[in-house]
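Participant: Quick one: the structure is below, questions incoming.
Read-outs: derived from the displayed coordinates by stated rules, not from any lab. What you are looking at is a predicted structure, and each value in this text was computed from that prediction instead of being measured. Neighbour counts run over all protein chains shown; Cβ positions are idealised from the backbone, glycine included.
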């Protein structure tokens, strides 16, 4: 499925769930914020959200520091 992830074209090979995409990208779903087509997706919904071809996804990773 062709997607745009963080501004770059990406061909997703897994199933259509957001959690599958995060797993494929090796992103810890507990440490990321996700926006799909300008909608913020809550962590509890990562299993339920179904991706569609052409979706634009932004994945932001939280990092500690000080």
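Participant: Between a first residue in the range 38-59 that is under 13 Å from residue 5 (Cα atoms) and a second residue that is part of a helix (DSSP H, G or I), which pairs have beta carbons less than 9 Å apart while being 6 or more apart in sequence or on different chains?
Facilitator: 51/18; 51/20; 51/21; 57/18; 57/21; 59/21; 59/22
Participant: So which residues in the range 26-48 are buried (at least 16 other Cβ atoms within 10 Å of the Cβ) and assigned to a strand (DSSP E or B)?
Facilitator: Answer for the range 26-48, where residues must be buried (at least 16 other Cβ atoms within 10 Å of the Cβ) and assigned to a strand (DSSP E or B): 32, 34, 36, 41.
Participant: Can you tell me which residues in the range 2-24 are assigned to a loop (DSSP other than H, G, I, E, B) and crowded, with 17+ Cβ neighbours inside 10 Å?
Facilitator: 12
Participant: Working only within the range 49-66, note down all residues that are exposed (fewer than 12 other Cβ atoms within 10 Å of the Cβ), in contact with a helix residue (DSSP H, G or I) (Cβ under 8 Å, 6 or more places away or on another chain) and not in a strand (DSSP E or B).
Facilitator: 62
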